[in-house]
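Taken together, the values in this text are just the output of simple stated rules run on the coordinates, not laboratory data. Every value quoted in this text rests on a predicted model; they were computed, and no experiment measured them. In this analysis, Cβ positions are derived from the backbone assuming ideal geometry, glycine residues included, and neighbour counts consider all displayed protein chains.
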Amino acid sequence: MNFSELAKDNPTELKKGLNRKLYKIAKAHKVHDKINIEIDEACEDYLSEVFDLCTELDHYEPTPIVLIDEYDSPLISCTKGQYEEVLSLFSSFFKVLKSRQKDCKFIFVTGVTKFHLSGLTSGANSANDLSLHEDYAEMLGYTEEDMNNLFFNGKQLYVNEIITNLQENWDKSENYIAAQLKQALKEYYNGYCFSRNKRTRRMYNPDSILKFFRDKSFGNYWSNSGNPAILLQQIKNNIDRFMILWDSSSFAIHQLDFETLASSLNEIALLPLMYQTGYLTLDPNGFKEDTQKDKNATDYYLKFPNQEVKSSLKLTLSRYIAEKQEETGRAYSNSILDALRNEKWCGFLNLIKGGV
């Protein structure tokens, strides 16, 4: 089930949307006519009903696999007034899902932000978080070995074609060679790390790499693939939070602050949010050696993974700053014109002083 397809602006429609997805699963296995619950009734009851039907299917194993993509999409997209209702709906859904885990082969859930979905040690909060687990650190990207095997070893003619294109259209020198191309790709698209272990290899963004070899040119593919809605909303609500020293080589955050679940849309700490949305990655080496004595064993260290991501953040922030300045300028302009038309000289002078 892909939760990003559910209604974002109506909790009632969200509940029906969940039920419709479950109904579609039942219909695909020709057991939908056995469902005794209406589509607009409680989604947790609907979930239990479909579970019972699916575990009794003929010619199938009795233990289904549950896959949920972007579970947090409705939560990060709803309004503040709807948040508690949506959260309650999801809490009930995942509480039932957890209670039925013994009936499943496994349950796999993806999302950007970790929310408190229910009470302590219940619901989805007790799930195993794989996002920082060393065993899965190389699951979602290309390693250096992958890059060589997929794009360089035995593919010299294709590499030469790319180099020729870079020379003709990207001002690369005539003696630009494959080794330089590899280094440029590393600076642009490599650097993701999903474990604190220093032995963990850095990963290339697979989507950006594939698009580079498709287009035969460097581009900011990461930004164009879609900025996370929750980050854009946080920037829009309070851009001042993002005015920190982004040129720092590394950012320290205490383990407890980094791993704490978000309890509301307003309480998502900046650095964990930047990590969860892909703008920052783990830095196992921490700060430079001259500050090693200050390093805390319980701290996490984060940094920008590569040039592509760092430039994406600058582009996103600059757009919002420009929009904010334009809004402020229009407001000042209208107020100044109003003061002049109505000969409110004190107000006019105060606006000019405020603007300065």
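Working note: Karplus 6.51/-1.76/1.60 with θ = phi - 60° gives segment 54-66 the couplings 6, 6, 10, 5, 6, 6, 10, 5, x, 10, x, 9, 10 Hz, where Gly and Pro are set to x.
Across segment 144-219, the relative contact order, built from alpha-carbon pairs under 8 Å that are at least six residues apart, equals 29 percent. A full extension of the chain between GLU38 and ASN128 corresponds to an added length of 29.1 nm, given 0.36 nm per residue minus the alpha carbon distance. The magnitude of the dipole of the chain, with charges of +1 and -1 set on the Cβ of Lys/Arg and Asp/Glu and taken from the Cα centre, is near 660 debye. Semi-axis lengths, largest first, of the ellipsoid equivalent to segment 3-128 are 24, 17, 12 Å, with √(5λ) applied to each eigenvalue of the Cα gyration tensor.
Only sites in a loop by DSSP and with at most 13 other Cβ atoms within 10 Å count here; which GluC sites (Glu not before Pro) in segment 160-224 make the cut? Within segment 160-224, the qualifying GluC sites (Glu not before Pro) (loop, at most 13 other Cβ atoms within 10 Å) are GLU174.
What length, rounded to one decimal in nm, is gained on full extension from ILE244 through to SER333, with 0.36 nm per residue of separation minus their alpha-carbon distance?
29.0 nm
Here's how it looks for ASP299: its modeled amide H is under 5 Å from those of GLN255, which are all 5 or more places away or on a different chain.
The sum of -39500 (n - 2.57) across all DSSP H runs of n ≥ 4, divided by the residue count of the chain, sets its helix-only mean residue ellipticity at 222 nm to -14500 deg cm²/dmol.
Residues in segment 139-151 carry Karplus couplings, in order, of 7, 10, x, 9, 7, 4, 5, 4, 4, 5, 5, 7, 10 Hz; the curve used is 6.51 cos²θ - 1.76 cosθ + 1.60 with θ = phi - 60°, and Gly or Pro positions show x.
As a length-normalised measure over Cα pairs under 8 Å and 6 or more apart, the relative contact order of the chain settles at 13 percent. Looking at the chain alone, DSSP beta bridges between its own residues are antiparallel in about 55 percent of cases.
Annotation: amide H-H contacts under 5 Å for PHE218 (H modelled 1.01 Å from N, sequence separation of 5 or more, or interchain): none.
When SER173, SER4 are arranged by Cβ crowding within 10 Å, least crowded first, meaning fewest neighbours, the order is SER173, SER4. Taking label positions 7 Å along the Cα-Cβ direction at both ASN224 and GLU343, the computed distance is 5.8 nm, reported to one decimal.
Taking a sphere under 13 Å around the Cβ of ASP247 and counting the other residues whose Cβ falls inside, with K and R at +1 and D and E at -1, yields a net charge of +3. When ASP52, ASP135 are arranged by Cβ crowding within 10 Å, least crowded first, meaning fewest neighbours, the order is ASP135, ASP52. Computed from backbone phi with θ = phi - 60° and the Karplus coefficients 6.51, -1.76 and 1.60, the 3J(HN,Hα) list for segment 11-25 is x, 5, 5, 4, 4, 5, x, 4, 5, 5, 5, 5, 4, 4, 5 Hz; x is used for glycine and proline.
Each other residue within a Cβ distance under 9 Å of TRP222 adds +1 if Lys or Arg and -1 if Asp or Glu, for a net charge of -2. Three semi-axes describe the equivalent ellipsoid of the chain; taken as square roots of 5 times the Cα gyration tensor eigenvalues and ordered largest first, they are 39, 35, 22 Å.
Describe numerically, in nm with one decimal, the distance between label points set 7 Å from Cα along Cα→Cβ at ARG214 and at LYS236. With each label placed 7 Å out from Cα toward Cβ, I get 2.8 nm.
If you model segment 147-286 as an ellipsoid using its alpha carbon gyration tensor, with each semi-axis the square root of five times an eigenvalue, the axes come out at 35, 18, 13 Å, biggest first.
One chain, two ends: LYS102 and GLU56. Fully extended at 0.36 nm per residue, the span grows by 15.1 nm beyond their Cα-Cα distance.
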